[in-house]
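Engineer: Below is one structure. I have some questions about it.
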Amino acid sequence: MTAAAKHWLLLAGLFLGLVLVVGTWVTQDRRPPEWDHANHLERAAVCHQILSEQGWSGLGEILEMSSFYPPVVPCSAALLYSVFPIAPLTSQSIMLAFLGLALVSVFLLGRRLFDAPTGLAAGLFLGTAPFVVYSCTNFQLDLPLASVVSFALLVLVLTEDFSRRSWSVVLGLTLALGMLVKPPFAIYLFPPLALVSWRAWRGADRGKRVGNLALALLGGSALSLPWYGLRVFGLPMQIGNRAFKQAAESGYPGTFTSSSLAFYPRALLPMFGILAGLLFAWGLWALTRQAAVRGLLWSASVVPFALFLLIQNKNLRYVLPLLPVSALIAAAALRALPEAWRRVVTIAVLVVSVVQVGGAAFAVPPPPRWAALHFPLIFSFPPSPVEWPHDRILAVIVREAGASGATVSVVPNDNYFSVANFRYYAVRDRLPLRMVRAWDESPLGVDFVVLKTGGQGPAFSVAKARRIMERLAAGDPAFERAFPVVWEGPLPDGSVATVRQRRLAPVTGVSPSVLAARFEGGFRRFLEPFARDVEGLELELGYAPRAVLGGQIRQVRIAARSARVAEFSRKGAQLRIRDVRLTLEGLVVNPYRLLASGEIELLALERLRVDHLVVTREDLQGFFAGLRGFQGLGFRLEEGAITVRLSQRGPDVAGRVRVENGRGNQPLQLRAEGLSLGGIPLPRLLVHWVFRQYDPGPRLARLPVTVELAPIRVEPERIVVSRTP
């Protein structure tokens, strides 16, 4: 057997060993998928349904599945679902396939930059890294991203500073693939790409090399444009919010605090492995004597690491794509050792690698904790064979709901008991259920409530859940009568899960007219969370006497001279509306609470119909002044349209907007004309890309209530919604 064949055989043995480990883990674990894991699996199931029902004609829906995550990885699983069952082993096969790509890429890259044994060592370091083993057991995007980053580095080297056109074309395809796996791909690849581009610029045949570079960049941009083009103006804001604003809200320490700056360095050994981490640290210095490769490996590791260190939002998954190049650096350090030391360390690496994989996957041997780093010495996540009752809970809900389906509020946000994993199971099994989170003021539109005792989830995300559980613990007879318990059972974490269903029996001991009078008396207080300074309020109720005792009111007509409307609990922007006439249809309120305290707890609303209202230019100006991101908006109301100019960071947006009645469940739509960005007129396609970031229509379509607007007219100095001229 040749040396090359032996190297490939060893690499294949490493991969097959990891496949066996991951397959065993997946068949033993019975926990529901956590948060993002469940969300990505849900998108895979949705993509499978779109492809099976519509084929590639559903590509538009696939591109719209997520505003932040591209569809390549979930739809790769969806393709497997067309052949194999929708099961954990099927989805994790995608992770294993990407792991195989990473191992081959790192081996070939190490062989190209150093020699075959170094490439093989790099593959060993990468494949047995504890966090890589863990990532193979979860359906996340970071391991696929790491794989594509390593493959892209290999192809970048094979372009030989863009002197080879064929590999430059392959690099363009790889750039598109990486960007369609996850947007941070650019952060990992840009530094080495910039270095190689600089070398190409300085080359003797500069024209040819720059042309190949342009071909790669244009090819990658063109192929990723269908997804990124739709988000080119909204994605940067999302990335900034996730990196800093949401991190601060979640309680992450500030960027330049000691705990924040030390987070990733402290996690190096648990993530990467004990010896691999030490060799990596030594390898960074050892590369100073490797002039031919140090620039590439330093730029691909140190620069992205520094960028992620300066982002407030910290998560071990974010630096996982740095492990392939870290494995190459650790292997280079092993190669730089004297031969006698190299043999000893190699044997130690082999032994430690086996121990690491066993500890990471099965906690065998049990990994010790190293208190000095506040991290376990080995990142470990053994499987749990204990069943969670999600299937039983969903079966109860489907049985009680019937064929018409139901809306289910999952109150807790626990990692194994949250709306994310319930929604995934409902989508996977095509159940007629709509899953929503805990409610704010009242359980509007909620047919079933899923609760649990004990911990509700991360502190920053469970304010609503805690409020609901505290209210129940203190005793809430009106809610308990409206939502009696239909199922209860223990959970593996020692808590108890409860399912409640909305079942309203008529109240007794009161006449319909008295209950209706209580409704009228409590209506102004009911409006407080979203309508204040209501002037000239008039109500007209339409109800059947027996039905109102069960909380059902057929129709409520509302009239007012003016009112301020907003989400006051969230300190939202406020809008003054005038000459208001609204009709609420199909109301269901909690009759027990109405009788006991006069409080209106809205449980269902079939339709909100706006028959008449007026918004003046002054009203709109005050509204936009309080709306985040629109403080620089200037506008003029004209006959049939609004002329707007939005001054913002970056290029200003200007044009005309027509406000029109929507179609289907979308109450209104905004249509932009003559839009320009930074003074440059935009073609129709770009108009859609820019304006979709500001159009409220799609968000209004997702409201839990059907909203109907009378014909909308834009007039000089006001907007009128009215059924009369």
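Engineer: Check region 396-404 and report whether any residue there is part of a helix (DSSP H, G or I), of a type in the set (Lys, Arg), in the same structural domain as Val449 (by TED's automatic domain parsing) and surrounded by fewer than 14 Cβ atoms within 10 Å (Cβ to Cβ).
Structural biologist: Yes, because at least one residue in region 396-404 is part of a helix (DSSP H, G or I), of a type in the set (Lys, Arg), in the same structural domain as Val449 (by TED's automatic domain parsing) and surrounded by fewer than 14 Cβ atoms within 10 Å (Cβ to Cβ).
Engineer: Also, quick follow-up: Tell me, please, whether a residue that is among the acidic types (Asp, Glu) and closer than 24 Å to His37 by Cβ can be found in region 440-450.
Structural biologist: no
Engineer: Right, another one. For Asn313, indicate whether it is closer than 21 Å to Asn138 by Cβ and polar (S, T, N, Q). Step through it out loud before you land on a result.
Structural biologist: Numbers: closer than 21 Å to Asn138 by Cβ: yes; polar (S, T, N, Q): yes.
Yes, satisfied.
Engineer: How do the pairs read when you match residues in region 397-414 that are more than 17 Å from Arg430 (Cα to Cα) with residues anywhere that are among the aliphatic types (A, V, I, L, M) and assigned to a loop (DSSP other than H, G, I, E, B), using Cβ under 7 Å and keeping only pairs 6 or more apart or on different chains?
Structural biologist: Ser409/Ala438; Ser409/Val446; Val411/Ala438; Asn413/Val462
Engineer: What pairs can you find where one residue is in region 436-465 and touching a residue at least 60 places away in the same chain (Cβ under 8 Å) and closer than 20 Å to Pro529 by Cα, the other is in a helix (DSSP H, G or I) and among the aromatic types (Phe, Trp, Tyr), and their Cβ atoms are less than 6 Å apart, with a gap of 6+ or different chains?
Structural biologist: none
Engineer: Let me ask you something else. Just give me the residues in region 250-295 being farther than 17 Å from Leu309 by Cβ, surrounded by fewer than 17 Cβ atoms within 10 Å (Cβ to Cβ) and aliphatic (A, V, I, L, M), in sequence order.
Structural biologist: Those that are farther than 17 Å from Leu309 by Cβ, surrounded by fewer than 17 Cβ atoms within 10 Å (Cβ to Cβ) and aliphatic (A, V, I, L, M): Leu278, Ala291, Ala292.
Engineer: Can you name every residue in region 666-676 that is part of a strand (DSSP E or B) and either touching a helix residue (DSSP H, G or I) at 6+ places or on another chain (Cβ under 7 Å) or crowded, with 18+ Cβ neighbours inside 10 Å (or both)?
Structural biologist: Leu668, Gln669, Leu670, Ala672, Leu675
Engineer: Keeping to region 141-168, report how many residues are surrounded by 21 or more Cβ atoms within 10 Å (Cβ to Cβ) and polar (S, T, N, Q).
Structural biologist: Count: 4.
Matching residues to (1) surrounded by fewer than 18 Cβ atoms within 10 Å (Cβ to Cβ); (2) under 18 Å from Leu171 (Cβ atoms); (3) in contact (Cβ under 8 Å) with a residue 60 or more places away in the chain:
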| position | (1), (2), (3) |
| --- | --- |
| Ala222 | yes, yes, no |
| Leu225 | yes, yes, no |
| Gly229 | yes, no, yes |
| Gly240 | yes, no, no |
| Ala247 | no, no, yes |
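Engineer: Now a separate question. Looking at Arg699, Arg663, Arg649, can you tell me which residue is out of contact with any Cys (no Cβ under 9 Å at 6 or more places or on another chain) and either in a helix (DSSP H, G or I) or surrounded by 13 or more Cβ atoms within 10 Å (Cβ to Cβ) (or both)? Lay out the reasoning, then the answer.
Structural biologist: On the way: Arg663 fails: either in a helix (DSSP H, G or I) or surrounded by 13 or more Cβ atoms within 10 Å (Cβ to Cβ) (or both); Arg649 fails: either in a helix (DSSP H, G or I) or surrounded by 13 or more Cβ atoms within 10 Å (Cβ to Cβ) (or both).
Just a single option satisfies the conditions, and that option is Arg699.
Engineer: Go through region 486-511 residue by residue and tally those that are under 17 Å from Ser409 (Cα atoms), in contact (Cβ under 8 Å) with a residue 60 or more places away in the chain and either part of a strand (DSSP E or B) or among the polar types (S, T, N, Q) (or both).
Structural biologist: 5
Engineer: Now for a different question. In a loop (DSSP other than H, G, I, E, B), under 34 Å from the mean Cα position of the chain (by Cα) and farther than 30 Å from Gly110 by Cα: does that describe Gly251?
Structural biologist: Yes.
Engineer: Here is a further query. Take region 669-695 and flag every residue that is among the charged types (D, E, K, R), touching a strand residue (DSSP E or B) at 6+ places or on another chain (Cβ under 6 Å) and closer than 19 Å to Tyr228 by Cβ.
Structural biologist: Once the filter is applied, which keeps residues that are among the charged types (D, E, K, R), touching a strand residue (DSSP E or B) at 6+ places or on another chain (Cβ under 6 Å) and closer than 19 Å to Tyr228 by Cβ, region 669-695 yields only Asp695.
Engineer: Does region 224-234 contain at least one residue that is β-branched (Val, Ile, Thr) and modelled with pLDDT under 90?
Structural biologist: Yes, region 224-234 contains at least one residue that is β-branched (Val, Ile, Thr) and modelled with pLDDT under 90.
Engineer: Could you say whether any residue in region 513-527 is of a type in the set (Asp, Glu) and either surrounded by 19 or more Cβ atoms within 10 Å (Cβ to Cβ) or under 30 Å from Ile577 (Cβ atoms) (or both)?
Structural biologist: Checking region 513-527: at least one residue is of a type in the set (Asp, Glu) and either surrounded by 19 or more Cβ atoms within 10 Å (Cβ to Cβ) or under 30 Å from Ile577 (Cβ atoms) (or both).
Engineer: While we're here: It is to be established whether one or more residues within region 377-394 are out of contact with any strand residue (DSSP E or B) (no Cβ under 8 Å at 6 or more places or on another chain), outside any loop (DSSP other than H, G, I, E, B) and within 28 Å of Ala286 (Cα to Cα).
Structural biologist: no
The values are calculated or read from the model by the stated rules, or taken from the named source; none is laboratory data. Here the structure is a predicted model, which means the values were calculated and not measured. When we count neighbours, we look across all protein chains shown, and the Cβ atoms used for this are built from the backbone with ideal geometry, even at glycine.
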